[in-house]
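Input: a single structure, listed below in structure tokens.
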Amino acid sequence: MPMKAVVLAPGKEKSALRKHPWLFSGAIQKVMGSPESGDSVEVYANNGTFLGIAAYSPESQIRCRFWTFKEKAEINREFFSDVLDKAIESRRSRGFDINDTKSAFRLVNAENDGIPGCIIDKYADIYCAEILATGADKFRNDIFELLAEKTHCRGILERSDSDVRLKEGLPIRKEVAYGDVPKTPVEMIENGIKFDVDVWNGHKTGYYLDQRDARFEVGRYGKGKRVLNCFSYTGGFGLFALQNGASSVTEIDVSTDALNIARSLIQKNGFDSGKVILKEADVFTYLRSCRDSRETFDLIVLDPPKFIESKAHLNKGARGYKDINLLALKLLAPNGILATFSCSGLMEMDLFQKIVADAAVDANREVQIIKRFGQPADHPVKTTFPEGQYLKGLLLEAR
Ligand code: SAH
């Protein structure tokens with residue numbers, strides 16, 4: 001059988017030598033052995049130097065995703081068993097235990113944990129996986145069987161229903177991959193607060209685990225405050241503010257389903273629903289209406305969706321961030337707190353901070369940075385994969 005391999009164009013081996021996990025289509029000179037989508041291929045520099053073994057993705061601009069840079073490796077069930085063991089052990093050592101049947105965390109963070117394009121989130125005794133690349137897709141049965149064996153979970157749901165899959169030539173798939181996954185939301189506990197996660201229909205795998213630390217930290221500023229939680233989803237930041245004694249919380253989102261869950265969570269956690277307003281609205285419009293009616297808040301959270309999908313959207317996205325931050329700063333009472341985030345990987349912290357600084361000048365507020373936020377320990381970033389760092393935030397006080 002012919003060896004499946006790709007040979008790079010001259011000079012295109014640099015990123016692979018630095019162990020970056022992606023190779024773009026333009027880097028490849030020759031494809032040998034007719035690999036099919038998801039097949040493992042050996043990767044060689046133009047001068048014949050072995051670089052690694054990668055998953056081949058003929059329809060994607062990211063043509064190859066490296067599994068390993070080791071020459072003797074084989075990509076098989078044992079390989080994935082080892083990757084999963086490492087993920088489980090690293091999470092355990094960071095305080096996330098797979099045997100805790102109430103907790104929720106990210107067990108596998110794609111490239112950063114050695115399975116490009118594969119995310120596996122744990123919610124209580126259910127795992128929800130999203131596969132976005134051909135290589136992981138090809139090995140998904142092995143991955144799910146091993147996951148079930150190692151975790152003894154109740155069920156695994158595959159939520160491979162993002163449009164990103166179409167770019168890889170992969171079909172949309174949403175199905176139970178193992179065991180039993182209830183149709184009703186899965187209850188889990190995050191830092192003492194109960195959450196219901198709709199793994200079937202919620203955003204992504206059902207919940208935004210990446211903001212766990214921020215919700216906890218920002219919540220601590222909630223005592224006695226009038227809180228405005230923009231882009232609330234199921235109300236997380238607001239619930240932590242209530243836990244800390246907020247005097248009122250307004251949760252704003254465009255998603256009716258998310259707000260319905262938020263409503264039930266207020267009751268489930270025993271908070272006074274009289275303190276909470278749930279508002280189905282566009283944040284841009286809502287902030288303007290507050291400005292026009294001169295309403296003020298003591299603590300505002302801005303946790304928008306990704307505004308910047310590609311480099312072409314950088315300017316427009318930057319304007320979006322400036323707009324909401326400017327409006328929010330204007331609505332803050334004296335010494336008010338703003339927790340502002342960006343989950344756009346293409347928006348780097350430096351630029352984000354500049355945008356916020358510009359907004360502060362335009363709002364005529366003196367603003368201090370109290371804290372910077374990044375990703376929690378279950379969303380690690382490989383040093384060889386800067387793209388893995390997407391989430392950033394600033395905690396600010398405005399005089
Ligand atoms: N802060 C949340 C996660 C926010 S995710 C948490 O801690 O769980 C971003 C949310 O923004 C989604 O729920 C989405 O429905 C909402 N959204 C997107 N565009 C919006 C807009 N223009 N106005 C209001 N909500 C919006």
Taking all protein chains as present, what is the carbon and sulfur share of the accessible area of the chain, in % to the nearest whole number, probe 1.4 Å? 49 percent
For region 144-159 and region 1-30, distance of Cα centres in Å: 33 Å
Out of the GluC sites (Glu not before Pro) in region 48-122, which ones are loop residues according to DSSP with at most 10 other C-beta atoms within 10 Å? GLU71
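Would you mind telling me the antiparallel percentage of the DSSP bridges in the chain, rounded to 5?
65 percent
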Take the Cα atoms of the chain, build their convex hull, and give its volume per residue in Å³. 138 Å³
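Quick check on region 1-121: of the DSSP beta bridges with both residues there, what percent are antiparallel, nearest 5%?
85 percent
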About the Cα centre of the chain, how large is the charge dipole given +1 on each Lys and Arg Cβ and -1 on each Asp and Glu Cβ? Please answer in debye to the nearest 20. 1000 debye
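Tell me whether region 5-69 comes out rounded, prolate or oblate; compute the Cα gyration tensor, take square roots of the eigenvalues as a ≥ b ≥ c, and use a/c under 1.5 as the rounded threshold.
Verdict is rounded for region 5-69.
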With the charge dipole of the chain built from beta-carbon charges (+1 for Lys and Arg, -1 for Asp and Glu) about the Cα centre, the Cα from ALA54, GLY320, GLY345 projecting farthest to the positive end belongs to GLY320
Inter-part distance where region 160-207 and region 321-395 are each reduced to a Cα centre, Å: 28 Å
Work from the charge dipole of region 77-184 (Cβ charges, +1 for Lys and Arg, -1 for Asp and Glu, about the Cα centre) and give the residue of SER90, THR101, CYS118 farthest towards its positive end. THR101
Can you work out the Karplus-derived ³J(HN,Hα) for every residue in region 159-174? Use 6.51 cos²θ - 1.76 cosθ + 1.60 with θ = phi - 60°, whole Hz, and x for glycine or proline. 9, 8, 10, 8, 4, 3, 5, 5, 5, 8, x, 9, x, 6, 9, 9
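Would you mind checking the pairs LYS311/LYS371; LYS225/LYS275; LYS19/LYS382; LYS14/LYS70 and listing those with alpha carbons more than 21 angstrom apart?
Beyond 21 Å between Cα atoms: LYS311/LYS371.
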Out of the DSSP beta bridges found with both residues in region 77-184, what percent are antiparallel (nearest 5)? 80 percent
Note: probe point = Cα of LYS19 + 7 Å toward Cβ; backbone nitrogen < 18 Å; residues of region 366-399 passing the test are 380-389
Let me know the number of lysine pairs in region 77-184 closer than 25 Å at the Cα, not counting same-chain pairs under 8 apart. 18
Only helical DSSP H runs with n ≥ 4 go in: add -39500 (n - 2.57) per run for the chain, normalise by residue count and round the 222 nm mean residue ellipticity to 500 deg cm²/dmol. -8500 deg cm²/dmol
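The values are calculated or read from the model by the stated rules, or taken from the named source; none is laboratory data. Predicted model only: the values in this text are computed from it and were never measured. Note: ideal-geometry Cβ built from the backbone for every residue, glycine included; neighbour counts use all protein chains shown. These accessible areas exclude ligands, DNA and RNA; they are computed on the full protein's heavy atoms, side chains included. Shrake-Rupley method; radii C 1.70, N 1.55, O 1.52, S 1.80 Å.
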